[in-house]
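Chemist: There's a structure below that I have some questions on.
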Protein chains: 2
Amino acid sequence: MSKATESYAALMAHERISQALVQVAGRLGWDQETVMPRGAADQRAEETGAMESVLHARRTDPGIGEWLADLETADLTNVQSANLRHISRSYTRANRVPADLAQRLATLTSRAQGQWADAREANDFAAFVPVLSEVVALKREEGAALADGGDVYDALLDDYEPGATGADLSAMFASLRPALVDLRARALEAAAPAPLTGTFDAGKQMKLARSIAKTFGYDFKRGRIDKAVHPFSSGGGADVRITTRTQEDDPLNCLYSTIHEVGHACYEQNIDAAYALTPLGQGVSMGVHESQSRIYENQLGRSRAFTEYLYGQMRDSFGDFGCASAEDFYRAVNRLNQGYIRTEADEVQYNLHVMLRFDLERALIAGTLAVADLEEAWNTRFEADFGYPVDQASNGCLQDVHWSVGLFGYFATYSLGNVYAGCLNEALCAAVPDLDAQLRGGDLGPATEWLAQNLQRHGGLMPPREVITQAAGAAPNEAPLLAYLEAKFSDIYHL
Amino acid sequence: MSKATESYAALMAHERISQALVQVAGRLGWDQETVMPRGAADQRAEETGAMESVLHARRTDPGIGEWLADLETADLTNVQSANLRHISRSYTRANRVPADLAQRLATLTSRAQGQWADAREANDFAAFVPVLSEVVALKREEGAALADGGDVYDALLDDYEPGATGADLSAMFASLRPALVDLRARALEAAAPAPLTGTFDAGKQMKLARSIAKTFGYDFKRGRIDKAVHPFSSGGGADVRITTRTQEDDPLNCLYSTIHEVGHACYEQNIDAAYALTPLGQGVSMGVHESQSRIYENQLGRSRAFTEYLYGQMRDSFGDFGCASAEDFYRAVNRLNQGYIRTEADEVQYNLHVMLRFDLERALIAGTLAVADLEEAWNTRFEADFGYPVDQASNGCLQDVHWSVGLFGYFATYSLGNVYAGCLNEALCAAVPDLDAQLRGGDLGPATEWLAQNLQRHGGLMPPREVITQAAGAAPNEAPLLAYLEAKFSDIYHL
């Protein structure tokens with residue numbers, strides 16, 4: 001065996017154990033949100049910290065550097081090169097952040113999250129300013145360490161969307177924002193569709209949600225659905241679990257949260273099994289992940305064709321639920337709300353929420369916006385984009401947990417996911433011409449199979465932009481999403 | 001800070017992370033038995049293996065040896081000495097087993113467990129002989145490495161009951177066995193109490209089991225009860241979970257499995273919180289652990305006084321369930337069965353099952369019994385002790401999973417636990433004179449508080465025999481258990 005072959009084998013053996021440990025840590029997170037006894041929180045924090053310290057030690061193991069050096073001039077397959085790309089990136093980034101800084105960040109964000117929760121409950125942004133200022137300062141320090149002379153915000157963004165830059169996203173959003181502000185304003189001037197009313201048994205919601213999950217291709221032999229406060233998907237390979245929630249007055253929350261998480265989960269479940277427990281065995285970025293959850297939820301799940309099928313399923317589950325036709329149901333499902341909360345926003349307004357956060361957090365990290373001025377900046381921007389003022393801080397700049405726990409660079413991936421979903425949807429519609437007829441019959445097979453074959457199975461083989469470009473047949477851009485939204489909501493709102 | 005103080009702090013910091021990882025690994029085991037998707041088994045094996053490899057590396061870390069050396073002449077508190085005793089023992093044992101041997105054992109036992117399941121299903125001991133021979137050979141090799149010149153079987157036993165020896169146990173069992181064979185024979189000649197009959201709703205069984213768990217002091221804020229194929233208790237500190245099972249024709253299985261596991265769980269929950277995530281923060285041995293599960297289940301749970309309370313609870317849950325009086329219920333709960341299976345055995349016969357296994361496995365490890373001759377030896381001994389022949393291998397030497405997974409030295413701790421429970425019960429009855437009146441009223445408080453204060457809270461502070469001696473007021477011996485069983489079953493069976 002050559003030196004390079006030996007080094008590659010050693011590196012991948014090391015990585016395989018690390019990947020297995022990442023799965024264990026993920027399962028611990030699932031446990032915490034679903035079944036953990038409430039008195040176990042402090043102990044769990046130590047358990048999670050112990051896993052983190054083990055993983056950090058493995059990621060920065062000097063052996064990785066030596067193996068990578070042995071492989072610098074080696075002749076490698078595509079898969080081998082992709083593995084090295086991921087491992088090398090992780091090794092470089094993990095070594096750039098001093099252990100002491102990582103430790104301070106962990107301690108600070110744990111404290112900041114508690115103070116954020118208190119401030120949100122008290123509707124008191126001023127109370128959150130000191131600790132958020134500390135978080136921003138430390139994230140800037142981390143970003144500078146990661147950037148190694150490059151752009152600090154881009155270095156943070158790279159954690160979630162490798163290769164993306166603030167400048168590229170900014171250009172994309174500059175085209176997206178005015179179009180969406182305009183569409184939003186026109187839609188909200190028109191007559192609004194009637195929302196669903198009534199009470200929907202929680203058990204029946206869960207039963208229908210499970211059935212719809214199966215319809216979208218979720219494999220229950222390698223996963224499970226539980227209830228949790230926040231819907232999420234976790235795990236990889238042969239154990240990908242999702243959670244959802246029920247509100248008796250809003251069955252759409254349960255159903256579309258489930259479809260969204262099924263999109264994330266199917267991405268993980270459909271990755272080539274040969275990549276399991278290697279760096280290629282997981283979704284390649286947050287943006288690409290979100291493209292799958294969004295296309296399942298929106299372009300497929302909220303389509304006129306699929307909602308016609310879902311309308312029948314709803315009637316089978318709940319009887320006459322006060323919605324006279326499939327068309328009324330379609331309009332109810334896609335109704336725009338005049339709200340404040342990102343997570344409750346519809347397809348049109350969601351990206352406005354995201355772009356607002358993206359611009360503000362970029363300014364915070366650049367130091368051109370002081371944390372003390374964040375609330376005013378938020379409220380001014382919100383009124384400009386949404387047309388009405390924020391009523392209270394908990395509906396404004398205190399609504400999201402992200403910044404308190406140091407997630408700077410994360411928000412943008414939500415909209416990037418929507419943009420990717422727009423591109424993929426365009427290609428999907430071209431590739432599967434009788435898609436609507438299938439969706440109307442509740443047959444998601446050809447659509448999800450197209451996504452599995454063209455995107456999901458590749459896992460981490462290609463960089464994010466490349467896998468989207470290759471599946472969509474063109475470089476990612478916002479035009480397909482805009483065209484889709486304009487057409488869909490012009491129709492629904494008779495604009 | 002002195003060198004010794006520094007070394008102690010470093011050692012305990014290292015140990016704390018290891019203990020947290022042990023908790024994580026335990027949670028993974030819980031997950032596997034309760035909620036894991038069935039398609040995840042292979043991946044889970046790798047995850048478990050990854051945790052094991054991390055823990056093994058931490059246990060054999062040369063830094064431990066250096067810290068221990070620094071502390072050899074240090075002036076230490078009781079707690080510090082006890083911590084060092086555990087860490088030193090674990091370090092020595094972990095380093096004695098070559099990594100290659102540990103790896104071969106893991107691979108072999110994983111294969112052997114599958115072959116055991118197949119052989120049991122086929123009732124074919126011969127098919128199990130080759131792989132069991134390999135297991136015995138490898139366990140002998142492991143035992144020799146651990147023994148470092150001492151007794152091989154004792155070295156294996158020490159994994160589960162530190163300080164116990166085959167010779168000591170053999171002497172104790174030599175007194176226990178004839179008395180139990182005799183009691184068993186007399187009881188089975190007498191008129192048998194009527195068993196429960198009828199159907200008992202599984203949901204109601206679980207509801208009652210939860211209520212009884214609370215009665216015995218199980219803290220649901222730091223635990224939870226789920227259903228699983230095999231009842232077990234897992235975890236420590238603030239997260240101690242148990243499982244139970246339901247059979248619609250036998251509510252006693254659910255109730256007494258629950259009380260048994262509650263005994264294990266309360267031991268863990270009642271350990272001094274100051275010992276959490278240190279070597280003292282867990283039950284000190286399998287025998288002491290079993291003493292708690294057994295005294296909760298048997299001396300308390302199957303007492304005439306408590307079954308009078310439980311009879312009322314049963315009637316509240318199931319209405320008239322065909323048992324005319326509390327006395328009939330007491331006799332049904334304590335009925336001896338002519339069976340083959342250890343896990344279904346009553347208080348009298350259980351230890352006969354264990355002693356049979358203890359003698360045979362000692363002979364296997366000593367090499368005085370060949371694996372090929374195991375079935376015949378089992379069947380001969382069974383008929384001698386139980387009075388009737390084994391009908392098939394799955395009811396005989398193929399019934400337990402233990403040997404297939406390399407658990408040699410484990411069985412004895414079940415009976416040792418019963419012996420310890422006998423000693424503790426004698427002391428408890430003396431310390432709490434109105435115990436029966438309390439149990440009749442469903443008040444387990446004083447009894448469980450006595451156990452918590454005198455035994456459970458100490459965790460790993462004292463060695464097994466010492467903690468029992470200190471709580472019971474005398475060195476552990478089989479006389480109290482024998483006296484208790486003789487009195488109880490002479491009464492029930494009118495002997």
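The values are calculated or read from the model by the stated rules, or taken from the named source; none is laboratory data. Given the structure is predicted, the values throughout are model-derived calculations rather than measurements. Because the Cβ atoms are built from the backbone with ideal geometry, glycine has one as well, and the counts that use them run over all protein chains shown.
Chemist: For the stretch A:251-266, state whether one or more residues are part of a strand (DSSP E or B) and at pLDDT 95 or above.
Modeler: Residues of the stretch A:251-266 part of a strand (DSSP E or B): none.
No - not one qualifying residue is present in the stretch A:251-266.
Chemist: Only one of (1) without any contact (Cβ under 8 Å) to a residue 12 or more places away in the chain; (2) more than 24 Å from the chain's Cα centre (by Cα) fails for A:D391. Which number is that?
Modeler: (1)
Chemist: Considering the stretch A:304-338 alone, what residues qualify as being in contact with a helix residue (DSSP H, G or I) (Cβ under 8 Å, 6 or more places away or on another chain), under 19 Å from A:A187 (Cα atoms) and outside any helix (DSSP H, G or I)?
Modeler: A:N334, A:L336, A:N337, A:Q338
Chemist: Where residues in the stretch B:323-363 are small (G, A, S) and under 23 Å from B:P231 (Cα atoms), which of them is farthest from the chain's Cα centre (by Cα)? Before you say what the answer is, go through the steps one by one.
Modeler: Going residue by residue through the stretch B:323-363, those that are small (G, A, S) are B:324-326, B:332, B:339, B:345, B:363.
Now drop any that are not under 23 Å from B:P231 (Cα atoms), which leaves B:332, B:339, B:345.
Values: B:A332: 25, B:G339: 21, B:A345: 15 Å.
Among those that are small (G, A, S) and under 23 Å from B:P231 (Cα atoms), it is B:A332.
Chemist: Is one or more of the residues making up the stretch B:190-204 modelled with pLDDT of 95 or more, part of a helix (DSSP H, G or I) and surrounded by fewer than 13 Cβ atoms within 10 Å (Cβ to Cβ)?
Modeler: Within the stretch B:190-204, one or more residues are modelled with pLDDT of 95 or more, part of a helix (DSSP H, G or I) and surrounded by fewer than 13 Cβ atoms within 10 Å (Cβ to Cβ).
Chemist: So how many residues does the stretch B:147-172 have that are part of a helix (DSSP H, G or I) and either crowded, with 21+ Cβ neighbours inside 10 Å or touching a Ser or Thr at 6+ places or on another chain (Cβ under 6 Å) (or both)?
Modeler: Summing the residues that are part of a helix (DSSP H, G or I) and either crowded, with 21+ Cβ neighbours inside 10 Å or touching a Ser or Thr at 6+ places or on another chain (Cβ under 6 Å) (or both) in the stretch B:147-172 gives 8.
Chemist: Output the residue which, of all residues in the stretch B:473-493 that are in contact with a Gly (Cβ under 9 Å, 6 or more places away or on another chain), in a helix (DSSP H, G or I) and of a type outside the set (F, W, Y), is nearest to B:M172 (Cα to Cα).
Modeler: B:A479
Chemist: Looking for something at pLDDT 95 or above and under 26 Å from A:T48 (Cα atoms) - is there at least one such residue anywhere in the stretch A:67-79?
Modeler: No, because not a single residue in the stretch A:67-79 is at pLDDT 95 or above and under 26 Å from A:T48 (Cα atoms).
Chemist: Six or more apart or on different chains, Cβ atoms under 7 Å: show the pairs whose first residue is in the stretch A:309-333 and in the same structural domain as A:I492 (by TED's automatic domain parsing) and at pLDDT 95 or above and whose second is among the small types (G, A, S) and part of a helix (DSSP H, G or I).
Modeler: Pairs that qualify, where the first residue is in the same structural domain as A:I492 (by TED's automatic domain parsing) and at pLDDT 95 or above and the partner is among the small types (G, A, S) and part of a helix (DSSP H, G or I), are A:Y311/A:A326; A:C323/A:A332.
Chemist: I need the full set of residues from the stretch A:16-31 which are under 17 Å from B:L277 (Cβ atoms) and more than 8 Å from chain B (Cβ to nearest Cβ), in order please.
Modeler: Correct list: empty.
Chemist: Can you name every residue in the stretch B:339-368 that is acidic (D, E), at pLDDT 95 or above and assigned to a helix (DSSP H, G or I)?
Modeler: Here is the first cut: in the stretch B:339-368, the residues acidic (D, E) are B:344, B:346-347, B:359, B:361.
Okay, now just the ones that are also at pLDDT 95 or above, so B:346-347, B:359, B:361.
Of everything in the stretch B:339-368, those that are acidic (D, E), at pLDDT 95 or above and assigned to a helix (DSSP H, G or I) turn out to be B:E347, B:D359, B:E361.
Chemist: I've got another one for you. On the basis of being over 26 Å from B:Y275 (Cβ atoms), free of Cβ contacts under 8 Å to residues at least 12 places away in the same chain and either within 14 Å of chain B (Cβ to nearest Cβ) or touching a Lys or Arg at 6+ places or on another chain (Cβ under 8 Å) (or both), does A:A13 make the cut?
Modeler: Values: over 26 Å from B:Y275 (Cβ atoms): yes; free of Cβ contacts under 8 Å to residues at least 12 places away in the same chain: yes; either within 14 Å of chain B (Cβ to nearest Cβ) or touching a Lys or Arg at 6+ places or on another chain (Cβ under 8 Å) (or both): yes.
Yes.
Chemist: Now, a different point. Say we look at the stretch B:217-248 and pick out the residues that are within 13 Å of another protein chain (Cβ to nearest Cβ) and polar (S, T, N, Q); which of these is farthest from B:R457 (Cα to Cα)?
Modeler: B:T243
Chemist: Any idea which of (1) in contact with a Leu (Cβ under 8 Å, 6 or more places away or on another chain); (2) buried (at least 23 other Cβ atoms within 10 Å of the Cβ); (3) not basic (K, R) is the one B:Y420 doesn't satisfy?
Modeler: (1)
Chemist: From the list A:M36, A:M51, which residue is within 14 Å of another protein chain (Cβ to nearest Cβ), more than 23 Å from the chain's Cα centre (by Cα), under 26 Å from B:K221 (Cα atoms) and part of a loop (DSSP other than H, G, I, E, B)? Before you say what the answer is, go through the steps one by one.
Modeler: On the way: A:M51 fails: part of a loop (DSSP other than H, G, I, E, B).
Checking each option against the conditions leaves just A:M36.
Chemist: Among B:A45, B:A74, which is the only one that is at the interface with another protein chain (Cβ under 10 Å from one of its Cβ atoms) and either out of contact with any His (no Cβ under 7 Å at 6 or more places or on another chain) or free of Cβ contacts under 8 Å to residues at least 24 places away in the same chain (or both)? Can you show your working first?
Modeler: Details: B:A74 fails: at the interface with another protein chain (Cβ under 10 Å from one of its Cβ atoms).
Every option except B:A45 fails the conditions.
Chemist: Which of (1) more than 15 Å from A:C266 (Cα to Cα); (2) within 14 Å of chain B (Cβ to nearest Cβ); (3) touching a Gly at 6+ places or on another chain (Cβ under 8 Å) is the odd one out, the single condition A:L196 does not satisfy?
Modeler: Of the numbered conditions (1) more than 15 Å from A:C266 (Cα to Cα); (2) within 14 Å of chain B (Cβ to nearest Cβ); (3) touching a Gly at 6+ places or on another chain (Cβ under 8 Å), the odd one out for A:L196 is (2).
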